[in-house]
Amino acid sequence: ILLPRAFVRRAATDAKAQSAKLQQLRRRMRTEWLPRVLEEWDLARPEGGLPQPTAAEAGVVAHVDCSLVLGVELGVVPPALRVLRMGDTLARTLGTTAMGELPIEGSVVLGSLGSAYRRVLRSGFPSYEYFRYSFGDGSPGEFERLILPASADGKNVSHLIGVVVVSSNP
């Protein structure tokens, strides 16, 4: 059941809850510069809304090599995700260089890309994931992903900015 009026009132009272959730995300992050990216996203957003795509991307400019920007095509059901930009380091890590080659739908490459990005699309709230994994040769590695929503109109998610940190441990 969708109750739009209830949602509006709830959103206004959830400002403190959102702030607490953002703080919780910051505390979980392991890469030392990643909390700053989330903080810059938070500062760029208007009260009760989402930041413009350019403002949200400004927070990752220092880490552009490990980031990607997805455009959201809202005219289709379910909304389609289109890769607009991918950093060189991330493209090498995923083993792809062409924009259309990133398998978003149903992918299991470094976690389920589709489900993680679609979750942020639905919620309009950042997502953070961390896990350890093994490369094909058995060597351990770590994976961190922060996904930030952005909006051209301030309300509806039109872009998703992902920051992915992949490291291998000896």
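The values are calculated or read from the model by the stated rules, or taken from the named source; none is laboratory data. Since we're looking at a predicted model, the values are computed, not measured. Glycine gets a Cβ as well: all are built from the backbone with ideal geometry, and neighbour counts include every protein chain shown. Areas reflect the complete protein model, heavy atoms only, side chains present, ligands, DNA and RNA absent. Shrake-Rupley method; radii C 1.70, N 1.55, O 1.52, S 1.80 Å.
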Item to complete: For Ala56, indicate whether it is within 23 Å of Phe143 (Cβ to Cβ) and out of contact with any helix residue (DSSP H, G or I) (no Cβ under 8 Å at 6 or more places or on another chain).
Response: no
Discussion item. Suppose we keep only residues that are at pLDDT 90 or above and among the acidic types (Asp, Glu) within the stretch 6-48. Which one would you say is nearest to Glu144 (Cα to Cα)?
Written reply: Glu32
Discussion item. Please count how many residues of the stretch 34-67 are in a loop (DSSP other than H, G, I, E, B) and not small (Gly, Ala, Ser).
Written reply: 7
Response to the item:
Among the residues of the stretch 68-84, the number that are open to solvent by 60 Å² or more (accessible area, probe 1.4 Å) and either among the hydroxyl-bearing types (Ser, Thr, Tyr) or part of a strand (DSSP E or B) (or both) is 3
Worksheet item: So, in the stretch 157-169, of the ones that are modelled with pLDDT of 90 or more and not hydroxyl-bearing (Ser, Thr, Tyr), which residue ends up most open to solvent (accessible area, probe 1.4 Å)?
Response: His159
